[in-house]
Every structure is written in C-alpha cells, then in structure tokens.
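Novice: Pasting a structure here, questions to come.
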Amino acid sequence: MRYAILSDIHGNLEALDAVLADAASRADAILCLGDIVGYGADPVACIERVAERAELVIAGNHEHGVAGLLALDWFNDWARAAAEWTRGRLDLDHLSWLAGRPLVGHTDDATLVHASPDRPAEWEYLVSADDGYGVFAAFATRVCFVGHSHRPGAWSLGSSGRAHEPDATAIELERGRRYLINVGSVGQPRDRDPRAAYALWDVDGRRVTIRRVTYDLATARRKILAAGLPRFLAERLTIGA
Ligand code: ZN
C-alpha cells in the first residue's frame, strides 16, 4: 500500500492539482491532514476535490475557524481576513462537512493529526527538536504524520537514540524506531522552497519520501489578488515563506 499524504492546501487549487497529478501513478490512496481552506482563492474547488479523492480527511485549525469551532481572534490578521472571506464563499453543506472532520485518525500503523498528537485542539506548532520529541508519548502507533507548520521534517526515537532531520526528504522506517513526520504544505510552503510539498508513504517498502512539485504559481497568485485577499498572501507563495 502506498499513501499520498497531503496537508495545508489552503485553497491553492493549482498546487493541489499538480500534487494530485504527481501522486496519481505513485500512490494507491490519498490522506489529508487538514487546512484545505484559508489563504488561497479556491476553497470550494479544493474542498470538493479532497472530499471526492481522499480516503480520510482530518480537521485543521482553518477548518475549525471557518466552521465556527475556533474563535477567529485566535488567528493573525491575514489568516482572519482569509477565513472571513472563505466563509462567505461556502454553503452550509461545505461548512458542515468541514466541521465534521475528526481531529485525529488512524490508518495501518500511523496516527494522522493536523498539528500535534498531544492535545490536537490546542493547535501547537512542532518545529524544534524538543517540540517533536515531547509528543511521542501522545501517540501509540509506529508513525505519526502531522502538518500545520508548513515545513517538512522528521523526528525519530529508538534504542539507538534520537534523530531530528529538519529538512528530511527520504526517511527509511527502521525496525525498532518510532517516527514523527511533518509532510509539509501543498498550498503555502514556508521552508523557502516555493514548490508544493507532500509525503509518499510506502507501507511495505517502509519508506516515506517528501516530494516537491512545481505548479502554476502565477495563476494562484493572480487569483488571490483578483479576489481582494491580502497581497502578502500572494507574495509569500513566490518565496515559499
Ligand atoms: Zn496551515
């Protein structure tokens, strides 16, 4: 079994379609770790694509913000503006579907969660080595996949010690070790690489690969500006930060 694991699409349809095309011949099923909406100009198309294609969809903080489950004062100004704009474009079916996504999911020997397996509704960011090591007790599976920081990376723990690879691109899942893996962001990468990111998990081959995919960034930017969303949300796509 091979899974494509997508997170933080953020209404960027051009990035989502490029990733789905890249994954088509490489993955048997698609899993989504949330933040389908927010920031980008195509929330409806992104929701409909993911709802149709993904086997399991976990809720992110942007789903909760748009659906009214998380107060918008939790967000910074750009995110709040985007959440309000997004809410105005969704109908009740979209909103109730977003609100109905679970906070945590499981498949094979993995836990799937948007931000952190430890108190997932607190939406904490796992960035440093210690951030990651601190949450291993909060999941019981061999692997936990997260998104939220928009930066791919991997932490692992085992009898031979700890390892933190902030820029991991290929992770071999060794026996006797457990892993926390951030799959990066499809629609708004923040690791200074503007290409869309997602993870391919080859369950039998015991390997996770972070793939980077170029997409039609100019169109995604143009749509954000035409929608009247904050200019910064278009500009940051170009620098990947
Ligand atoms: Zn996000």
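The values are calculated or read from the model by the stated rules, or taken from the named source; none is laboratory data. In this text the structure is predicted, and so the values were computed from the model without any measurement. Cβ sites come from the backbone with ideal geometry, for glycine too, and all protein chains shown count toward neighbours.
Novice: How many residues, within segment 63-79, are surrounded by fewer than 16 Cβ atoms within 10 Å (Cβ to Cβ) and assigned to a helix (DSSP H, G or I)?
Specialist: Qualifying residue count, segment 63-79: 4.
Novice: Can you tell me which residues in segment 117-150 are within 16 Å of the chain's Cα centre (by Cα), in a loop (DSSP other than H, G, I, E, B) and hydrophobic (A, V, I, L, M, F, W, C)?
Specialist: Listed by number, the residues that qualify are W123, L126, V127.
Novice: Okay, next question. Could you give every pair whose Cβ atoms fall below 7 Å, whose first residue belongs to segment 98-112 and is basic (K, R), and whose second residue is assigned to a strand (DSSP E or B), counting only separations of at least 6 or pairs across chains?
Specialist: R101/V57
Condition check ((1) within 16 Å of the ligand (Cβ to nearest atom); (2) modelled with pLDDT under 95) across all residues:
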| residue | (1), (2) |
| --- | --- |
| A29 | no, no |
| C32 | yes, no |
| V44 | no, no |
| A79 | yes, yes |
| L90 | no, no |
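Novice: Now for a separate question. Would you confirm, using the coordinates I've provided, whether P189 is surrounded by 15 or more Cβ atoms within 10 Å (Cβ to Cβ) and over 14 Å from the mean Cα position of the chain (by Cα)?
Specialist: no
Novice: Quickly run through segment 80-101 and pick out the residues that are surrounded by 19 or more Cβ atoms within 10 Å (Cβ to Cβ) and outside any helix (DSSP H, G or I).
Specialist: Passing the criteria: only R101.
Novice: Being within 16 Å of the chain's Cα centre (by Cα), at positive phi and crowded, with 24+ Cβ neighbours inside 10 Å is true for just one of G11, G60. Which residue is that?
Specialist: Result: G11 is the single residue among G11, G60 that is within 16 Å of the chain's Cα centre (by Cα), at positive phi and crowded, with 24+ Cβ neighbours inside 10 Å.
Novice: Please indicate, with yes or no, whether at least one residue in segment 117-131 is in contact (Cβ under 8 Å) with a residue 24 or more places away in the chain, more than 16 Å from the ligand (Cβ to nearest atom) and surrounded by 14 or more Cβ atoms within 10 Å (Cβ to Cβ).
Specialist: For segment 117-131, residues in contact (Cβ under 8 Å) with a residue 24 or more places away in the chain, more than 16 Å from the ligand (Cβ to nearest atom) and surrounded by 14 or more Cβ atoms within 10 Å (Cβ to Cβ): present.
Novice: I need the full set of residues from segment 138-149 which are within 16 Å of the ligand (Cβ to nearest atom) and either of a type in the set (A, V, I, L, M, F, W, C) or buried (at least 24 other Cβ atoms within 10 Å of the Cβ) (or both), in order please.
Specialist: Correct list: F145, V146, G147, H148.
Novice: Moving on. (1) in contact with a strand residue (DSSP E or B) (Cβ under 9 Å, 6 or more places away or on another chain); (2) more than 26 Å from T86 (Cα to Cα): which one isn't true of R195, the others all being true?
Specialist: The one condition R195 does not meet is (2).
Novice: Any residue at all in segment 27-41 that is surrounded by fewer than 16 Cβ atoms within 10 Å (Cβ to Cβ) and within 14 Å of L95 (Cα to Cα)?
Specialist: No, segment 27-41 contains no residue that is surrounded by fewer than 16 Cβ atoms within 10 Å (Cβ to Cβ) and within 14 Å of L95 (Cα to Cα).
Novice: Turning to a different aspect of this structure: Identify the residue in segment 206-224 that is in contact (Cβ under 8 Å) with a residue 60 or more places away in the chain and of a type outside the set (A, V, I, L, M) and, among all such residues, is surrounded by the most Cβ atoms within 10 Å (Cβ to Cβ).
Specialist: Only one residue fits best here, namely Y215.
Novice: What number of residues within segment 224-241 are under 21 Å from the mean Cα position of the chain (by Cα) and in a helix (DSSP H, G or I)?
Specialist: Count: 9.
Novice: Can you find a residue that is in a helix (DSSP H, G or I) and at pLDDT 95 or above anywhere in segment 105-116?
Specialist: There is no residue in segment 105-116 that is in a helix (DSSP H, G or I) and at pLDDT 95 or above.
Novice: Looking at segment 168-188, which of its residues are within 16 Å of the ligand (Cβ to nearest atom), among the polar types (S, T, N, Q) and either touching an Asp or Glu at 6+ places or on another chain (Cβ under 9 Å) or part of a loop (DSSP other than H, G, I, E, B) (or both)?
Specialist: Listed by number, the residues that qualify are S185, Q188.
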